[in-house]
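Below is one structure; the comments refer to it alone.
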Amino acid sequence: AKNIALSAYPSGASTVYVANGENFPDGLVSAPAAALVDAPLLMTTPTMLPLPTAQAIQLLRPTSIVVVGGTASVSDEVYAQLEALLPVGGSIRRDSGVDRFEAAREIARSAFTSA
């Protein structure tokens, strides 16, 4: 994911989506939302931010990060690590729900104004 993101966005990206790379549903439903806003989709584990993902975020220099899924998908600790990578004034949000179906609806609602 790091190599693809850096290749596709050599000048950086204003927004980055981050999803659990160990379980496909969050990444699958967030890929169209990321594409809509011209943002790369990077992967994490639920409990640890992989070094390549952190490096990609540092090189892409986003001002906004969208974390996909609840705390079972991306822990609060990883969320805090992602937040620390943002510049002052940057924003981070979590698109999630009580289950993966509600999370998918929230991701779609956040990204798309119509179907």
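The values are calculated or read from the model by the stated rules, or taken from the named source; none is laboratory data. Because the structure is predicted, anything quoted here is derived from the model rather than measured. Using ideal geometry, Cβ is built from the backbone for each residue, glycine included, and neighbour counts are taken over all protein chains shown. Ligands, DNA and RNA are stripped out before the accessible areas are found, and what is left, the full protein with its side chains, is counted by its heavy atoms. Shrake-Rupley method; radii C 1.70, N 1.55, O 1.52, S 1.80 Å.
Details
- Members of region 35-60 that are closer than 20 Å to A111 by Cβ and free of Cβ contacts under 8 Å to residues at least 60 places away in the same chain: A35, D38, A39, P40, L41, L42, M43, T44, I57, L60
Yes or no, residue by residue, for (1) aromatic (F, W, Y); (2) touching a Gly at 6+ places or on another chain (Cβ under 7 Å); (3) surrounded by 12 or more Cβ atoms within 10 Å (Cβ to Cβ); (4) closer than 19 Å to A5 by Cβ:
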site	(1), (2), (3), (4)
T63	no, yes, yes, yes
V66	no, no, yes, yes
T71	no, no, yes, no
E77	no, no, yes, no
Q81	no, no, yes, yes
P87	no, no, no, yes
E102	no, no, yes, no
A111	no, no, yes, yes
S114	no, no, no, no
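- Which numbered condition T53 fails, given (1) in a helix (DSSP H, G or I); (2) open to solvent by 40 Å² or more (accessible area, probe 1.4 Å); (3) β-branched (V, I, T): (2)
- In region 33-42, residue modelled with the lowest pLDDT [restricted to those that are surrounded by 14 or more Cβ atoms within 10 Å (Cβ to Cβ) and touching a helix residue (DSSP H, G or I) at 6+ places or on another chain (Cβ under 6 Å)]: A33
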